[in-house]
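The values are calculated or read from the model by the stated rules, or taken from the named source; none is laboratory data. Quick caveat, the model's predicted, so the values are computed rather than measured. Neighbour counts are summed over all protein chains in view; Cβ atoms, including those assigned to glycine, are modelled from backbone coordinates with ideal geometry. These area figures cover heavy atoms from the full protein model, side chains too; ligands, DNA and RNA do not enter into them. Shrake-Rupley method; radii C 1.70, N 1.55, O 1.52, S 1.80 Å.
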Amino acid sequence: MRIAVLDPRACNPAKCTRECQRFCPPQRMGDEVVIFDKKKKDSQPRIVELLCTGCGICTRKCPFRALRIINLADELDTDTSHRYGPNSFKLFRLPIPTPGSVTGLVGANGTGKSTALKILATQLRPNLGNFEEPPDWPDIIRHYRGSGLQPYFEQASHGGLTVAYKPQNVTSISEAYQGSVQQLLEATNERGKLRELLTQLELKSVLQRDVSVLSGGELQRVAIAAVMARDADVYLIDEPTSYLDVYQRVRAARAIRSLAQEGKMVISVVHDLAVADYISDYVCIFYGEPGVYGIVSNPHGVREGINIYLNGYLPDSNVRFRNEEIRFETRPPAAEYWATVEVLLEYEAMTKSFEDFSLQIMPGQVHQGEVIGVLGPNGIGKTTFVRLLAKDMKPDEGVLPETDLKVSYKPQYLSGESDATVIKTLEEVGGARVITSIFKSDVLRPLALDQLKDRQINELSGGELQRVAIATCLARPADLFLFDEPSAFLDIEQRLAAAKVIRSIVHDQGKAAFVVEHDMVTISAFADTISVFTGKPGLEGFCQAPIDLRMGMNTFLKEMGVTFRRDHATGRPRVNKEDSRLDREQKQRGEYYYISTEAE
């Protein structure tokens, strides 16, 4: 079976000579494989997949890299769930909701997770690959005969199954709804549990605010509360962790898990592996080629499923979907090591005050080759701290030392209004070094930016813009890199790839970096030391000096009341279920961040 997918955003027939058609071997032999609409001057091509030989010449000749030709096993053809149209994305199989459990969906962006949720929410009827004459519900139910999806679609298609769905893009709520948070939530309070949800998600302070003025994190918690307040049989929650800090993520995960304890069917897309581990009973892995096709794995137990995802190999299907395994260092450098390393920057105590907020910063040191993770709740002063280091603002008390140190800063909020291309943007800050083989192999390829280099900045999605911003920060000639939430909008693989890129550049070149982050697994992948922020969000913040990873994590997690253990197979941090045996034992010992990798 062959899949041909055209990226309409990249294809530019006005600026090419139809290389895909001219160089296609079957086309040159007389077969109509690559077809252009003769009535339209600049029509985009359509590839006839049945006649395509899969040679891949068109993909290499296309000047805009707009074509993908993929050869897949013929057996998959009977598992087609949905295709959007000719030469477009194709999804194989679907996750199956299970009563009384949470199924987590993990995988790269563009492999069909949101599509699967829309199908299960009946917002999108699966066409089984027949987009020209889509089947009706009886045919769809017949197709899934013998599986758990047969009774699910039977009930859903006849209105016998109530579905509550939280979309990925929560900012659309403020555009679509006029009124206060209280009015919105009271309108959805079908289960009579609004008061409990307001406490769980800490929403009492924003009840009287208009929805249009809420921050991203507040909108996310309102969206979760609104969907959980519905009286439904199935709850489909697409990415509940965006914009939330670590503390809020754990509270949201606890709330969502409570739905399964009531016997509900829950499916959630999660890009934070620690939250996916905490929230899920089962995991379905989505793999394939982003934007081209996606395949849904069989459900696995949560620990086994996430480890399979990190290993990149599905043993039950004998499929390797990633060339490299992902492993985590279990013994980062201790404080004694950094005492022997040359200090790159030493800063004194500083303060910064605003109208309703004040930040106190303890003196600290930054060493060559050190990556410092910055941890703390939202509204505690983390962004203010990195902006002070970037000299984007001045402290009220204390000063940064006058040095020749060059600083490169990636802000939290990114502007995507430029019409310059990605490669032009990188060259403007990094010069000729961005086209060297070293920069390509160390930064561009791991961040998957080769395909985007000729795209304009204002055409990029949130995740694409984030990866360009990370590369731009690293392209600048600098000694100290400052990253504010670099994992926002990135999927699991992209987060870990970005962590690996930042860590390797800093370690190999003797630089240093501060990275503000809320994803605990990502922090474990890049951080050598931790700077913990404490205080009262929105009122006062205290920035502690960098300390070793274990001590920093213990300090932060103790304040949160959450314990982590290490998975003995992959070394990844795992959240202990609240009041479990390990949770109680670690709290008694004061070991909130467990380093040992012994078998569980």
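Rolling a 1.4 angstrom probe over the protein heavy atoms with all chains in place gives the range 252-303 an accessible area of 25 Å² per residue. Annotation: amide H-H contacts under 5 Å for residue 491 (H modelled 1.01 Å from N, sequence separation of 5 or more, or interchain): 109.
In order along the range 272-283, the phi-based Karplus estimate (6.51 cos²θ - 1.76 cosθ + 1.60, θ = phi - 60°) of 3J(HN,Hα) comes to 8, 5, 5, 5, 4, 5, 6, 8, 9, 9, 10, 10 Hz; Gly and Pro are listed as x.
Once you reduce the range 125-156 and the range 558-589 to the center of their Cα atoms, the two points are 42 Å from each other. Less than 5 angstrom separates the built amide H of residue 102 from those of 281, 282, all sequence-distant by 5 or more or on a different chain.
Packing around the peptides 282-294, 47-59, 134-146, taken as the average count of other Cβ atoms within 10 Å per residue, puts them in this order, highest first: 282-294, 47-59, 134-146.
Is the shape of the range 89-160 rounded, prolate or oblate, going by the alpha carbon gyration tensor and its root eigenvalues a ≥ b ≥ c, with a/c under 1.5 for rounded and a/b larger than b/c for prolate? Judged from the Cα gyration tensor, the range 89-160 comes out oblate (a/c at least 1.5, b/c at or above a/b).
Per-residue packing, averaged as other Cβ atoms within 10 Å, sorts the ranges 217-226, 542-551, 34-43 into the order 217-226, 542-551, 34-43, beginning with the highest. Over the range 152-229, the alpha carbon radius of gyration divided by the compact-protein estimate 2.2 N^0.38 Å works out to 1.18.
Scanning residues 5 or more positions from residue 370 or on other chains, those with amide H under 5 Å from its amide H are 513, with H placed 1.01 Å from N in the peptide plane. Using a 1.4 Å probe on the protein chains only, how many percent of the accessible area of the range 471-597 belongs to carbon and sulfur? Reported share for carbon and sulfur atoms: 49 percent. Our coupling estimate for the range 137-149, obtained by passing each phi through the Karplus curve with A = 6.51, B = -1.76, C = 1.60 and θ = phi - 60°, is 4, x, 5, 5, 5, 5, 4, 9, 4, x, 10, x, 7 Hz, Gly and Pro reported as x. For the range 348-401, what does the alpha-carbon gyration tensor say about shape, rounded, prolate or oblate, given a ≥ b ≥ c as the root eigenvalues, a/c under 1.5 as rounded, and a/b over b/c as prolate? Note, shape of the range 348-401 comes out oblate. Working note: Cα atoms of the range 31-100, range along each principal axis, descending, whole Å: 55, 26, 23. When DSSP beta bridges are restricted to pairs lying wholly in the chain, around 45% turn out antiparallel. Taking the Cα centre of the chain as origin and assigning +1 to Lys and Arg Cβ atoms and -1 to Asp and Glu Cβ atoms, the resulting dipole is close to 1200 debye. Highest mean packing first, where packing is the average number of other Cβ atoms within 10 Å per residue, the peptides 92-105, 414-427 line up as 92-105, 414-427. Two numbers describe the Cα atoms of the range 509-600: Rg and Dmax, which are 14.1, 44 Å.
Would you please classify the overall shape of the range 434-531 from the alpha carbon gyration tensor, given that a ≥ b ≥ c denote the square roots of the eigenvalues, rounded means a/c under 1.5, and beyond that prolate means a/b larger than b/c while oblate covers the rest?
Note, shape of the range 434-531 comes out oblate.
A simple charge model with +1 on the Cβ of Lys and Arg, -1 on the Cβ of Asp and Glu and nothing else charged puts the dipole of the range 1-95 at about 620 debye relative to its Cα centre. Over the range 46-96, Cα pairs under 8 Å with separation of 6+ residues give a relative contact order of 26 percent. Take the cross-link list 536/558; 15/500; 193/264 and give me the ones stretching past 26 Å between alpha-carbons. From the list (536/558; 15/500; 193/264), the Cα-Cα distance tops 26 Å for 15/500. Taking the 1.4 Å solvent-accessible surface of the range 226-369 as the whole, the part contributed by carbon and sulfur is 46%. For the range 291-436, the average shadow cast by the Cα convex hull is 15.3 nm², which is a quarter of the hull's surface.
Legend: translational diffusion of the chain by Stokes-Einstein, Rh = Kirkwood radius over C-alpha pairs, 10 °C, 1.306 mPa s; D = 61 µm²/s.
For residue 382, a cut-off of 12 angstrom between C-alpha atoms picks up these aspartates and glutamates, skipping any fewer than 8 places away in its own chain: 245, 484, 485, 517, 540.
Across the range 426-436, rounded Karplus estimates of 3J(HN,Hα) from the backbone phi angles (6.51 cos²θ - 1.76 cosθ + 1.60, θ = phi - 60°) give 5, 5, 5, 9, x, x, 5, 5, 6, 9, 6 Hz, Gly and Pro being marked x.
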